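Following: one structure in structure tokens, then a few remarks.
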Amino acid sequence: MVFDFSAVMVLLVAGSGGIWGIDTLFFARSRQQRDAALPLDARPPEPMLVEHARSFFPIFVIVLLLRAFLIEPFRIPSGSMIPTLLIGDFILVNKYTYGLRVPVLNKVFYRISSPKRGDVVVFRYPKDPSTPFIKRIVGLPGDKITYRDKRLSINGQPLNYSSLGSYVGMKSAAVNTGADFIEETLGDVRHKLLVAPRVPSIEGEYTEVLAHRGLEVPPGKYFVMGDNRDNSRDSRYWGFVPDENLIGRAFMIWMNWDKGPDIKRIGTAIN
């Protein structure tokens, strides 16, 4: 269980709804009977706590439904997903695409679809579930993932790559200028990534326990990597992402602010 925004909204819904409900059941009728004989302009107002609870309850419910089941905004704080996502991107995350989850507990109670290779997902970092991370799903349950010479193989099959030249970054992404700009075909998704040839990276076959080799991605877990392959702390370092840690699939950039606005990124689909 993670105490986050959804947990706060659940408490606000329960608190405001409880106050309103208790007043309706036990106090409102007797108050109305007591004041019935008084002129309308002389009747005392409804208790402030009850009035506020009744007014805010539907607002809290709407916000909870939107954030818990539909869409949640996030801001990209790091460069691990360059060139797909830049520092300062504000993104929208579809929270129902993989199924409806119980708020706070994050358990799926109605499965809609399953994560696919190539999906860009926001999830709770397994080492610290209070921290949201964003990466791309590379391995599904049952896959054998191999990363050697800065190239991926899945179940023994190397992925297709094509060179796009050298990357030229702007603003905060300028530090990545000169990296190899590459297009990778991952399942049905073709996406761009960066590789720094002279920067060492962790390579090998990835398993449930990273010290062991040759095992598959375990059931109910996913192997994720950043698109900025040599500047990403991902499953190569800390292991697999459990399904219950998934928050949703990132699908759109709605704003960018990195040393100023970048209106060209507004409305960009995340692939």
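The calculated FRET efficiency for Leu49 paired with Met252, based on their beta-carbon distance and R0 = 45 Å, is about 0.65. All C-alpha pair distances within the chain, sorted into 10 Å bins from zero, spread as 6, 25, 28, 18, 9, 7, 5, 2, 0 percent across the bins.
Quotient of the Cα radius of gyration of the range 5-70 and 2.2 N^0.38 Å, N being its number of residues: 1.40. Classify the range 155-252 from the C-alpha gyration tensor, please: rounded if a/c falls under 1.5, else prolate or oblate depending on whether a/b exceeds b/c. Verdict is prolate for the range 155-252. Which shape class, rounded, prolate or oblate, goes with the range 218-271 when its Cα gyration tensor gives a ≥ b ≥ c as root eigenvalues, a/c under 1.5 marks rounded, and past that a/b bigger than b/c marks prolate? Here the range 218-271 falls in the prolate category.
Its Cα centre serving as origin, the chain has a Cβ charge dipole (Lys and Arg +1, Asp and Glu -1) of approximately 120 debye. Note on the range 148-238: with charges restricted to the Cβ of Lys and Arg (+1) and Asp and Glu (-1), its dipole about the Cα centre is near 220 debye. Quick one: which residues, 5 or more positions from Arg43 or on another chain, have an amide H under 5 Å from its amide H? H modelled 1.01 Å from N in the peptide plane, none for Pro or chain starts. Result for Arg43 returns nothing. Taking amide H as placed 1.01 Å from N in the peptide plane, Asp89 has its amide H under 5 Å from the amide H of Ile76, Trp257, each at least 5 places away in sequence or on another chain. Shown is the FRET efficiency for Arg233 and Ile59, computed with R0 = 45 Å from the Cβ-Cβ distance and rounded to the nearest 0.05: 0.75. Here each label is just a point 7 Å from Cα along the line to Cβ, and for Ala28 and Val189 those points are 4.8 nm apart.
Cross-link reach is defined here as a Cα-Cα straight distance under 14 Å, omitting same-chain residues fewer than 8 places apart; for Lys127 the aspartates and glutamates meeting it are Asp234, Glu244. Note on the range 71-170: the C-alpha convex hull projects to 8.5 nm² when averaged across all orientations. Taking H placed 1.01 Å from N in the peptide plane, check which residues at least 5 places from Arg229 or on another chain put their amide H under 5 Å from its amide H. For Arg229, the qualifying residues are Leu194. Within the straight-line cut-off of under 14 Å between alpha carbons, the aspartates and glutamates reachable from Lys171 are Asp89, Asp258, Asp262, sequence neighbours fewer than 8 places apart in one chain being disregarded. Whole-Hz Karplus values for the range 74-79 come out as 9, 10, 7, x, 9, x Hz, taken residue by residue from phi with 6.51 cos²θ - 1.76 cosθ + 1.60 and θ = phi - 60°; glycine and proline positions read x. Could you tell me which residue out of Thr185, Ile202, Gly139 lies farthest along the dipole of the chain toward its positive end? Charges go on the beta carbon: Lys and Arg +1, Asp and Glu -1, centred on the Cα centre. The residue sitting farthest along the positive end of the dipole is Thr185. Membrane-span-like helices in the chain (whole DSSP H runs, Cα extent of at least 18 Å along the helix axis, mean Kyte-Doolittle hydropathy of at least 0.0): 5-22, 48-65.
FYI, it's all coordinate maths here, none of it is from the lab. None of these values were measured; they are calculated from a predicted model. For neighbour counting, all protein chains shown are included, and Cβ atoms are generated from backbone atoms with ideal geometry for every residue, glycine included.
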